[in-house]
Amino acid sequence: MLEQIQIGAEAPDFALEDIQGRTVRLSDYRGRKHVVLVFTRGFSCPFCRRHVARLRQDYQQFTARGAEIVVIGPEEREAFVRHWKREGFPFVGLPDPSHQVADRYGQEVNLLKLGRMPTLLVVDKAGRVRYQHHADAMWDIPANAEVLGVLDRLQQEGSG
């Protein structure tokens, strides 16, 4: 099992190309937005597809709380482009086929559970990890309401 980042620790910066070929860094959001980092198992996972669709449905609620959603997946760029265009996702999609960022953030790989487990983190505007959920099973994904509650608490603390 990969080591997880401690709550309150600085989130490791990373740079990946988005579906338009632009480099996106976690540090691009520092001081401006909270970031909801979503590590999927891939587009073949029905639970991940449903989760990302629910994020799209509630996207305005996330942005109203000063957050951006960044979805990171194991597919190659071409597959990401096709999926993003077909689904019309309004948030950032980052291919990570070498798993360099997923591994850095502790996304578990469990072959007995058919591969990578969904992982979700909330990074505040200061760049600190404030919440993380490492799934025990492919369907173990936090509800949007739980993540929105984390963002509400950050606003109440003055981190928002």
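Looking at (1) assigned to a helix (DSSP H, G or I); (2) open to solvent by 10 Å² or more (accessible area, probe 1.4 Å), which one does Pro90 not meet, given that it meets all the others?
Every listed condition holds for Pro90 apart from (1).
Can you tell which of Ala126, Ala143 is farther than 26 Å from Arg50 by Cβ, of a type in the set (A, V, I, L, M, F, W, C) and surrounded by fewer than 17 Cβ atoms within 10 Å (Cβ to Cβ)?
Values: Ala143 fails: farther than 26 Å from Arg50 by Cβ.
Checking each option against the conditions leaves just Ala126.
If the requirement is being open to solvent by 70 Å² or more (accessible area, probe 1.4 Å) and in contact (Cβ under 8 Å) with a residue 12 or more places away in the chain, which of these qualifies: Arg25, Arg116? Let's see the steps before the verdict.
Working: Arg116 fails: open to solvent by 70 Å² or more (accessible area, probe 1.4 Å).
Step by step, each of Arg25, Arg116 is checked, and only Arg25 is open to solvent by 70 Å² or more (accessible area, probe 1.4 Å) and in contact (Cβ under 8 Å) with a residue 12 or more places away in the chain.
Scan the stretch 35-57 for residues that are over 15 Å from Gly93 (Cβ atoms) and touching a helix residue (DSSP H, G or I) at 6+ places or on another chain (Cβ under 6 Å) and jot them down.
Across the stretch 35-57, the qualifying residue is only Arg54.
Search the stretch 59-73 for residues that are part of a helix (DSSP H, G or I) and pair each with any residue that is open to solvent by 40 Å² or more (accessible area, probe 1.4 Å) and charged (D, E, K, R) when their beta-carbon atoms are under 9 Å apart and the residues are at least 6 apart or on different chains.
Thr63/Lys33
Which residues, counting only those in the stretch 129-140, are part of a strand (DSSP E or B) and open to solvent by less than 10 Å² (accessible area, probe 1.4 Å)? Even if it seems obvious, please write down each step before you answer.
So the first thing to find is which residues in the stretch 129-140 are part of a strand (DSSP E or B), and the list is 129-134.
The answer is Val129, and nothing else.
The values are calculated or read from the model by the stated rules, or taken from the named source; none is laboratory data. Quick caveat, the model's predicted, so the values are computed rather than measured. Cβ atoms come from the backbone with ideal geometry, glycine included; neighbour counts cover every protein chain shown. When the accessible area is computed, the model is the full protein with side chains, heavy atoms only, and any ligands, DNA or RNA have been set aside. Shrake-Rupley method; radii C 1.70, N 1.55, O 1.52, S 1.80 Å.
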